[in-house]
Amino acid sequence: MPKKTPLRRAPRPAPTVPDLDPIVHQRVRLGILSALAAGGTTSFTDLKTVLDLTDGNLSVHARKLEDAGFVAVDKSFSDRTPLTEFSLTAAGRQALAEYLDQMEAVIAAARTG
C-alpha cells in the first residue's frame, strides 16, 4: 500500500510590515511622546518619575525627540531652581498618531492571520 503524503496548504503571503519611524519606535521615546500626549506640558522630574528613567537616559532621548522636532523644551527657573519642561509639538503629535495607526494595522493583521 502506498504511503499517503500529507496535504500541504498553499503558503500565505507574508504580511507587509510598515516602515516604523525609528525615532518614535524606540521604547523610551515612545513613552515620552505618549506621556506628553496624555498629560500635556510635563517637567523633567515628572517625566523621569513616570517613566522610571535616569537623568542621563531621559536627557539623551529627549534631545533626540527635540532634534526631530517632536518635542519642545522650555528651560526656566522656579525660585532659583532650574526647571525644564517638555511639550509635544504638532509634528510630534502627528508622528505619534501615524505610529499608532501603523501599529493598529500590524495588530489587526496579526489577529486575522
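Being in a helix (DSSP H, G or I) and polar (S, T, N, Q) is the filter; apply it to the stretch 23-54 and report the residue that is least open to solvent (accessible area, probe 1.4 Å).
Residue satisfying both the conditions and the ranking: 34.
Among (1) within 17 Å of residue 23 (Cβ to Cβ); (2) outside any strand (DSSP E or B); (3) in contact (Cβ under 8 Å) with a residue 12 or more places away in the chain, there is one condition residue 60 misses while meeting the rest; what is its number?
Exception for residue 60: condition (3).
Look at the stretch 90-103 and say how many of its residues are farther than 11 Å from residue 72 by Cβ and buried (at least 17 other Cβ atoms within 10 Å of the Cβ).
Qualifying residue count, the stretch 90-103: 4.
For a quick check of your reading of the model, give me the residue pairs whose first member lies in the stretch 84-108 and is of a type in the set (A, V, I, L, M), whose second is open to solvent by 30 Å² or more (accessible area, probe 1.4 Å) and part of a helix (DSSP H, G or I), with beta-carbon atoms closer than 6 Å and at least 6 apart or on different chains.
Sorted first by the residue in the stretch 84-108, then by its partner, the pairs are 88/37; 96/37.
Going through the stretch 73-113 one residue at a time, which ones are more than 18 Å from residue 21 (Cβ to Cβ) and among the aliphatic types (A, V, I, L, M)?
The answer is 73, 83, 108, 109, 110.
What pairs come up if the first residue lies in the stretch 33-52 and is modelled with pLDDT under 95, the second is open to solvent by 80 Å² or more (accessible area, probe 1.4 Å), and their beta carbons are under 9 Å apart, counting only those six or more places apart or on different chains?
If the second residue must be open to solvent by 80 Å² or more (accessible area, probe 1.4 Å), the pairs left are 39/46; 39/50.
With the requirement that a residue be touching a residue at least 24 places away in the same chain (Cβ under 8 Å) and closer than 14 Å to residue 70 by Cα, what does the stretch 16-25 give you?
21, 23, 24, 25 - these are the residues of the stretch 16-25 that are touching a residue at least 24 places away in the same chain (Cβ under 8 Å) and closer than 14 Å to residue 70 by Cα.
If residue 107 satisfies all but one of (1) surrounded by 11 or more Cβ atoms within 10 Å (Cβ to Cβ); (2) at pLDDT below 95, what's the number of the condition it fails?
With respect to (1) surrounded by 11 or more Cβ atoms within 10 Å (Cβ to Cβ); (2) at pLDDT below 95, residue 107 is out only on (1).
Please tell me if residue 29 is basic (Lys, Arg), more than 17 Å from residue 100 (Cα to Cα) and modelled with pLDDT of 95 or more.
no
Scan the stretch 55-89 residue by residue and report those that are open to solvent by 90 Å² or more (accessible area, probe 1.4 Å) and farther than 17 Å from residue 25 by Cα.
Those that are open to solvent by 90 Å² or more (accessible area, probe 1.4 Å) and farther than 17 Å from residue 25 by Cα: 75, 77, 79, 80, 82.
The values are calculated or read from the model by the stated rules, or taken from the named source; none is laboratory data. Keep in mind the model is a prediction, meaning the values are calculated, not measured. With ideal geometry, Cβ positions are generated from the backbone for all residues, glycine too; neighbour counts draw on all protein chains shown. These area figures cover heavy atoms from the full protein model, side chains too; ligands, DNA and RNA do not enter into them. Shrake-Rupley method; radii C 1.70, N 1.55, O 1.52, S 1.80 Å.
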